[in-house]
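The values are calculated or read from the model by the stated rules, or taken from the named source; none is laboratory data. If you're wondering where the values come from, they're calculated on a predicted model, not measured in any experiment. Methodologically, a virtual Cβ is constructed for each residue, glycine included, from the backbone with ideal geometry; neighbour enumeration extends over all protein chains shown. Surface areas here come from the heavy atoms of the whole protein model, side chains and all, with no ligands, DNA or RNA. Shrake-Rupley method; radii C 1.70, N 1.55, O 1.52, S 1.80 Å.
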Amino acid sequence: MIGLPVWLAAMGMAAPAAVPLPSLPVPLPRGDHGPCSTARVTNLPRGNTLAVRAGPSREERRLARLRSGREVYACTRRGDWFGIVFERRARRTGCNVLEHPRPAASVYIGPCRSGWVHARYLGGYAGWVSP
């Protein structure tokens, strides 16, 4: 599996230099509903933040931290990990992940940030995101 920077280079696209990218791009499934569901960061111990990882593992590098209550978009699930898309700030632009129907599967490449979070800390997502 190739990483997003290699994939972007192969497609003739440039990735923003200042934004850390996931090593495993977040897939956007095809379907009649939008590719992602709204969700919320939850169940964090008081005062903690949620690490957004570059891949679905605690061993992957941390890309960002999110506070409890932060709205995100849950796009896919791999075991105990969700691939999410989130805005740099809580602006509610939709991140181009709510359009439907989506005729083909793809990976998320912008304009917002993406990464992976442990399922224990995500709630309020639609049932079709979870296996």
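Computed quantities for the displayed model
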quantity: Top-ranked residue of region 56-78 - restricted to ones that are among the acidic types (Asp, Glu) and not in a strand (DSSP E or B), ranked as least open to solvent (accessible area, probe 1.4 Å); calculated: Glu60
quantity: Within region 33-55, tally of residues that are small (Gly, Ala, Ser), buried (at least 17 other Cβ atoms within 10 Å of the Cβ) and not in a strand (DSSP E or B); calculated: 3
quantity: Residue match in region 89-110 (condition: under 19 Å from Ala54 (Cβ atoms), modelled with pLDDT of 90 or more and within 10 Å of the chain's Cα centre (by Cα)); calculated: no
quantity: Test set (1) modelled with pLDDT of 90 or more; (2) within 23 Å of Gly94 (Cα to Cα) - Leu44 fails condition number; calculated: (2)
